[in-house]
Amino acid sequence: MRENSSLAAVRALILAVLFITSGCTQTESTGQSNSQDDVAAISGVVTQLLESNPASTTDLFGRTPDRIACVSKAFGLSKTPAAPIGDGAIFAHVYCAAVDSGVNFDDASAFSGPIAVLVGPPVKIEVPLDGAENEASIRQIFPNEIETAALNSVADEGMKRELRQRYAARQQS
């Protein structure tokens, strides 16, 4: 079973890299879009990258958790090497929770917000700053055409339900 999920992750990563290198972007502000299946596949890549690289998520939790559970919703891909984070970035809203033994989902350390993922290797995550510096850091991290999507990025109820389910599954594994 693990081989099948790894193969699916590799396929999704290849799809994301093909979109990135072809210059495609999915943005809300410009009206450009890829199919829902493509966006779901790219979102799946982000989830897989985060869950398989807990050390890269230290900025999300202020520590490196042993395991995390995440859901993501991609809203853009870098389309030029001039993008603030460079070529090969996936921009997504993520909702993640640190999976700690004996901790209920409602009490878990969690992060919800926009991030930029440089596919790498190594995987690198850019997280906007909190508080008064949030908007300025979003403008530094995200390309102009998706700043609005990043600024308005919130976890919807579907993401919250899905994360609760992923958390329970990862806590048992």
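Each value in this text was obtained by applying a stated rule to the coordinates, not by laboratory testing. Computed from a predicted model, the values in this text were never measured in an experiment. Heads up, the Cβs are rebuilt from the backbone with ideal geometry, glycines too, and the neighbour counts pull from every protein chain shown.
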| Residue separation times 0.36 nm, minus the C-alpha to C-alpha distance between Val123 and Val103: what's the value? | 4.4 nm
| request: With no solvent and one equal point scatterer placed on each C-alpha of region 62-171, evaluate the Debye formula and give log10 I(q)/I(0) for q = 0.10, 0.21 Å⁻¹, two decimals. | output: -0.31, -1.14
| field | Relative exposure of Val45, Val127, Val103, judged by other C-beta atoms within 10 Å (fewest first) | value | Val103, Val127, Val45
| query | So, in Å, what gap is there between the alpha-carbon centers of region 119-137 and region 34-55? | reply | 17
| query | Which order do peptides 88-101, 53-66, 110-123 fall in by mean Cβ count within 10 Å, highest first? | reply | 88-101, 110-123, 53-66
| request: In square nanometres and to one decimal, what's the mean projected area of the convex hull around the Cα atoms of region 42-82? | output: 3.6
